[in-house]
Amino acid sequence: SQGRAPPTPADEAYMEMKLRRLLDECYDEIVAYLLSEGLWNFGQRTVALEYETSIEPAFGYQYAFEIPTDLVRIVAIAQNGELFPPLNDYLEEGDYYHTNCSVLYLQYVSNHADYGLDTAKWTPSFKKALAAHLAVEIAPTARMAANAIQRLEVKANLYLKNARTKDAMDQSI
């Protein structure tokens with residue numbers, strides 16, 4: 001305590017409310033960040049996109065496909081349902097993919113409630129990485145020392161690396 005009075009229950013309740021509010025404020029942003037940092041199996045979705053008949057590319061490619069609004073990160077893109085070989089000849093422009101195939105198969109990490117945002121599907125290692133990144137985000141408000149925050153950041157990044165490694169090992173080749 002070093003000469004300081006012990007915290008009162010009112011002080012502890014205030015700090016708990018403040019930390020809870022901070023967690024609520026940064027939660028969605030940190031989840032979005034973590035979803036974008038991996039090819040998470042739990043968040044993957046595969047769709048066959050039909051080209052947009054109302055859009056005619058000005059030049060180059062024949063077909064335009066609307067990019068799904070829940071797309072966070074592409075896992076695979078191809079012109080067949082096996083997703084192999086990968087399609088390299090496409091252009092992402094604005095809200096559309098342009099290509100010369102009339103059907104586009106897309107596998108991606110989704111932020112839809114039934115995929116990447118379904119917390120029941122999150123792995124324990126992803127949850128641990130999330131908790132650590134949330135702690136890093138609110139640590140300055142919790143009056144942590146700079147070196148303690150730095151150690152927390154290192155640990156959070158290690159947890160994220162571990163979660164990505166485990167997730168990749170669970171993926172079929």
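The values are calculated or read from the model by the stated rules, or taken from the named source; none is laboratory data. As the structure is a prediction and not an experimental result, all values here were calculated from the model. Positions of Cβ are backbone-derived with ideal geometry, glycine not excepted, and every protein chain shown enters the neighbour counts. Each accessible area value is taken on the protein alone, full model and side chains, heavy atoms only, with ligands, DNA and RNA left out. Shrake-Rupley method; radii C 1.70, N 1.55, O 1.52, S 1.80 Å.
With contacts taken as Cα pairs under 8 Å and at least 6 residues apart, the chain reaches a relative contact order of 25 percent. Taking Ala58, Ala32, Ala139 in turn, the Gaussian network model of the chain (Cα-Cα springs below 10 Å) assigns the largest fluctuation to Ala58. When nucleic acids and ligands are ignored and a 1.4 Å probe is applied, Met144 ends up with an accessible area of around 80 Å². Plainly put, the chain has a radius of gyration that is 1.15 times its Kirkwood radius, both from alpha-carbon atoms, as the Rg/Rh ratio.
Electrostatic tally near Thr119: other residues with Cβ closer than 14 Å to its Cβ, Lys and Arg +1, Asp and Glu -1, net 0. Computed with a 1.4 Å probe over protein heavy atoms only, the accessible surface of the chain comes to 65 Å² per residue.
Charged neighbours of Thr46, selected by a Cβ distance under 14 Å, balance to -1 (K, R count +1; D, E count -1).
Dimensions of the stretch 114-170 along the principal axes, based on C-alpha atoms and rounded to the nearest Å, stand at 37, 22, 12, largest first.
Between Leu71 and Ala48, the simple label model (points 7 Å from Cα in the Cβ direction) yields a spacing of 1.8 nm.
Taking each DSSP H run with n ≥ 4 as -39500 (n - 2.57) and averaging over every residue of the chain yields -13500 deg cm²/dmol at 222 nm. Here the stretch 51-124 is assigned +1 on the Cβ of each Lys and Arg and -1 on the Cβ of each Asp and Glu. Its dipole about the Cα centre then comes out at about 260 debye.
Note on the stretch 12-113: with neighbouring protein chains present and a 1.4 Å probe, carbon and sulfur make up 48 percent of its accessible heavy-atom surface. Projected label points at Cys26 and Thr119, each 7 Å from Cα along the beta carbon direction, are separated by 1.8 nanometres.
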